[in-house]
Structures are given as C-alpha cells and as structure tokens.
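Input: a single structure, listed below in structure tokens.
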Amino acid sequence: MDRIPILRMGKFLLVTIQIDLYDRLATNLETDLVYMVNKTGAKGVLIDISALSIVDSFMGRILGNIGSMARIMDAETVVVGMQPAVAITLVELGLELKGVHTALNVEKGMELLRNKIKDLDYEEEDEIEANEDSTE
Amino acid sequence: MRIVLNKDTMKIEKEQDVVPFRNRVKEYAVKIGMSVVNQTKLITAASELVRNMLKYANGGITVIEVISEGRNSGIRLTFVDKGPGIKDIALAMKDGFSTGKSLGLGLPGAKRLVNEFEIKSSVGEGTTVSIIKWKNG
C-alpha cells in the first residue's frame, strides 16, 4: 500500500507531500500522523504541500482533521507552501482551513512551530514557579 | 455556436483512476493556454465531481472536451454515472448538505469554481453532471 513518509526531526514531525494524492493516501496519512505523534511525543507537525497542484474539499478536510487530532495529542500543526492558485480555489470552494496554522514556506513554518512550543515551555515554567511560590 | 475540437473519454472505476484523470484534464487546460488559477479551479471541481461518482455510483464515465465559441475556448467535462440518482437536486446543491459523511461542499463548491454547471439526474437511473471552464472566464 502506498504511504507518504513521515520524518522525525527533534520535537517535530515533517511531512512533504510530493505526489498527487488520492483519498486513501490522504486518510492513511491522517492515521499515520496521529500514531507517530503518539509514538514520538512530537510537539509539532509540519506539512509541506508546495508540490500539490490542487487541494479539494476532501484533502482540505483531512488537513483540518490532522490539525484537530494533533492538538488533542498536544501537538501543533502547520501547513506550509500552499500555491497561490490553491489558496484562491480553496476559499472559493468554501474551505478556510480553520484548524491548522499556515506559513509561507518550510523555514517560516519551523519558526512558527518553535515559537508556539517556546510559549508553551514558558507557561509550564511559570506554572512550576507559581507552584514553588505557593509552597514556600 | 459551440464547436467541439477534441474529445477524450476516460473510465473511472477506482480511487487511483482519479490521479490520471486530473492529469489529463490539466494537459488539455495547459494546451489551450488556460491560466494556472483557472486550471486549478477546473481540476478541483473535477476532483469533487469524480469523487461523488466513485462514492455514490461506484464510478462511471468522464468525457473531456475542448470546445470553442467564437474567440473563446474552454474545457467541458461531463461525468456520467449509473448510480442511484439524486432525489432532490436543489437540496444536493446546498452548501453543507451531504447524505454521506463529507462536508457537503462537493456539488455547490464545484459549481462556484466553474463558469457553467449543469446537472441532470433521475432516481434509479443515474446522474450526469457537465461543467465548462472558459479559458478567459
């Protein structure tokens, strides 16, 4: 069965979709990613769709699902590299990709994920400090 | 008057057939010089309609035609299936309505992406959807 590879890089999972998707491939990716987040404890998922010439309602829904599922598993998702024509078409189609973060390219996407995770780390540290204060 | 310049038929029987079908549509769209945005809209609409065909009718026949009208040229795609048919077309064309588990954007979304959209269906006999995207439109 065809699969899209998921690469692990530190706290992140990277997915580069290089081939045209049919529905089964997209649903497999969704399941694989959620399992990988669970297995690796990844904090962020970056999906590069710059090679995709179309994103239809099904693929859009899968991307949204991945975002929601990853969030439940405590990971942020960012979709990067969307072609302008794809963005125009998606909005006209009626999909706004609300559940996921987006960034222009991989570099900006990584930056966004790092910032998101840094914020979370700070919050955790604050909480720990607050707890320490209260115990003193 | 509309003249058909080229006609191509493709059978859609399984999910994997969708990819070569989209590529074929793209080939023709590129050949007539359609802009990337219009190409993308056409292929996305085609993708929605072909999915419907697979999901509700287990596949069918697609016809890709290059048409011209005066100075304008375009692509006409026709999707013919022998599935269960659509009982209430007006309802099926509404945003957010789906008898399946999808978002219900397929038919209305596809309509928004093309210049002309025609749907005929009779219960028990099947559905035919025909769309046109003009090169300049």
Problem set entry | the stretch A:94-105 residues that are within 14 Å of chain B (Cβ to nearest Cβ), paired with ones that are outside any loop (DSSP other than H, G, I, E, B) and polar (S, T, N, Q) (beta carbon under 9 Å, 6 or more apart) | A:Gly94/A:Ser57; A:Leu95/A:Ser57; A:Gly99/A:Asn65; A:Gly99/A:Ser68; A:Gly99/A:Thr77
For this session: Evaluate the following for A:Val79: is it under 26 Å from B:Asn23 (Cβ atoms), away from chain B (no Cβ under 12 Å) and buried (at least 20 other Cβ atoms within 10 Å of the Cβ)?
Result: yes
For this session: Return yes or no: is A:Glu124 modelled with pLDDT of 90 or more, more than 14 Å from chain B (Cβ to nearest Cβ), assigned to a helix (DSSP H, G or I) and farther than 25 Å from B:Ala110 by Cβ?
Result: no
Problem set entry | Matching option when the condition is small (Gly, Ala, Ser), part of a loop (DSSP other than H, G, I, E, B) and touching a Ser or Thr at 6+ places or on another chain (Cβ under 7 Å), among B:Gly96, B:Gly104, B:Gly124 | B:Gly104
For this session: State which residue pairs qualify: first residue facing chain B (nearest Cβ under 7 Å) and inside the stretch A:43-58, second residue crowded, with 22+ Cβ neighbours inside 10 Å and part of a loop (DSSP other than H, G, I, E, B) in any location, beta carbons under 8 Å apart, and separation of 6 or more residues or different chains.
Result: A:Ser57/B:Leu105
For this session: Go through the stretch B:38-88 and give me each residue that's among the polar types (S, T, N, Q), touching a Lys or Arg at 6+ places or on another chain (Cβ under 8 Å) and surrounded by fewer than 19 Cβ atoms within 10 Å (Cβ to Cβ).
Result: B:Ser68, B:Asn72, B:Ser73
For this session: Collect the residues in the stretch A:25-63 that are in contact with a helix residue (DSSP H, G or I) (Cβ under 7 Å, 6 or more places away or on another chain) and of a type in the set (D, E, K, R), keeping them in residue-number order.
Result: A:Glu30, A:Lys43, A:Asp48, A:Asp56
For this session: Residue by residue through the stretch B:14-30, note down the ones that are modelled with pLDDT under 95 and more than 10 Å from every other protein chain (Cβ to nearest Cβ).
Result: none
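The values are calculated or read from the model by the stated rules, or taken from the named source; none is laboratory data. All figures in this text were calculated on a predicted structure; none of them were measured in a lab. Quick reminder, even Gly has a Cβ in these numbers, built from the backbone with ideal geometry, and neighbours come from all protein chains shown.
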